[in-house]
Structures are given as structure tokens and as C-alpha cells.
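Written out below as C-alpha cells is the structure these notes cover.
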Amino acid sequence: MSDPVSPIRAAVLTVSDRCSRGEATDTSGPAVAAMLRDRLGATIVATRCLPDELDALAACFVEWSRPGAGIDLILSAGGTGLAPRDVTPEAALKVLERQHSGLMELARLRCMTKTPRTFLSRGVAGTIGRSLILTLPGSLRGSTEMLEALLDLLPHAVETLRGEVQDDGRPEARATTGRVVQHRDGA
């Protein structure tokens, strides 16, 4: 019998000039946090709202991804569009150790049937250490639809980053240091 998997530890960053100044109410950040709790059983260990300032955003990503923070998944909501102050992707790219463009490409593909505007999001994904970072759109609909598009992949991604996955579930696989994950889809 394998050891139970510990809950995903997540942090949610809202990126909004107006919300950070108290001129608007943040709806995206709380909705993303609720989805993580309700759909993945995640523990939300940190939330923050920052203005669209590249250096402050990059510093937050780095702070939350420090090994001592123990945060598996960092999601930002906002700043991924085409407006001049939308710099969240640039802030993430400045500090990511490894990019994972396929995750956001998949999210956009899965969301395109709902709205072609999904392709206006310049969101990126990648890792710093053992933390996975996803930059989602700022609108309530955009952030939750993009997250919804990736919910099925995130638990395995986190387990892999944690080093809990020894093998990909092939029938002949034997765990030596981690877990063997059996995939239902056979892949």
C-alpha cells in the first residue's frame, strides 16, 4: 500500500493595479483559491494582491518558491494581456528556472471552444525549484476557465516535482525511491 499523498500547498497572487489600491474588489484570486481547495483539496498557504510592477511580481514568485516555504503550486491571476502594464509573463520569465510552455498551450486549446479570446492571454508556466508557477488571466471567467482546463494534470505535475513519482506506471515498473503512479488513460 502506498503512502497517502499530502495535499497540494498553493499560493495565489492577484495582479491588479486597481485592486492593490483598493479601487476594485478582487474576484479572480478568491475564485482561483476556492477552485484549488474544492477541486484539488489544496491548502492555500498564501495570498497576495500586487500592482502590475515587474520587479515586485518577480520577487513574490521567488519568495514563494523558496524551499522553506514548501509551496508546490503558485498561481497568479492578472497581467497576462496586451495592455502596456501587463507584465506578469515577463516577471515570471525573469525568474523561472525551467519553462513549461505546453501547460499554457494546452489550457488555451482547451478553452478556445468557449472563447477565442483565450489566445489573447500571454500566460506562461514553469518551475522554480520544486514549485510550479502558472500565470492566468485576470478576469474571473478567464482565470477560472484556464485553471479548470489544467485541473486534471496538476496533481501529477506536483507529485512529479516533489519527487514522489518514481515511474510512469508501466506494468513492469517497481518503485525504488518513490511511488509508481498507475495512469487510468494507459499513457
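The values are calculated or read from the model by the stated rules, or taken from the named source; none is laboratory data. Because the structure is a prediction, the values reported are computed rather than measured. A quick note on method: Cβ atoms are made from the backbone with ideal geometry, for glycine too, and the neighbour counts reach across all protein chains shown.
Tabulated values for the structure
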item: Residue among P7, P30 that is on the phi < 0 side of the Ramachandran plot and in a loop (DSSP other than H, G, I, E, B); result: P7
item: The stretch 26-47: number of residues that are surrounded by fewer than 13 Cβ atoms within 10 Å (Cβ to Cβ) and out of contact with any Pro (no Cβ under 7 Å at 6 or more places or on another chain); result: 1
item: Yes/no for L50 being farther than 23 Å from E148 by Cα and over 14 Å from the mean Cα position of the chain (by Cα); result: yes
item: Only listed residue being buried (at least 20 other Cβ atoms within 10 Å of the Cβ), closer than 21 Å to G126 by Cβ, at pLDDT 95 or above and of a type in the set (D, E, K, R), chosen from D55, D72, D86; result: D72
item: Of residues in the stretch 100-135 being in a loop (DSSP other than H, G, I, E, B) and among the β-branched types (V, I, T), the one surrounded by the fewest Cβ atoms within 10 Å (Cβ to Cβ); result: T113
item: Which listed residue is surrounded by fewer than 16 Cβ atoms within 10 Å (Cβ to Cβ) and outside any helix (DSSP H, G or I), from E23, E63; result: E23
item: D55 vs. criteria among the acidic types (D, E), in contact with a Lys or Arg (Cβ under 8 Å, 6 or more places away or on another chain) and either in contact (Cβ under 8 Å) with a residue 12 or more places away in the chain or closer than 12 Å to G138 by Cα (or both); result: no
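Every residue, every condition in (1) of a type outside the set (S, T, Y); (2) closer than 21 Å to L153 by Cα; (3) touching a Phe, Trp or Tyr at 6+ places or on another chain (Cβ under 7 Å), yes or no:
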{"site": "T80", "(1), (2), (3)": "no, no, no"}
{"site": "R85", "(1), (2), (3)": "yes, no, no"}
{"site": "A92", "(1), (2), (3)": "yes, yes, yes"}
{"site": "Q99", "(1), (2), (3)": "yes, yes, no"}
{"site": "A107", "(1), (2), (3)": "yes, yes, no"}
{"site": "F119", "(1), (2), (3)": "yes, yes, no"}
{"site": "T127", "(1), (2), (3)": "no, yes, no"}
{"site": "L134", "(1), (2), (3)": "yes, yes, no"}
{"site": "R141", "(1), (2), (3)": "yes, yes, no"}
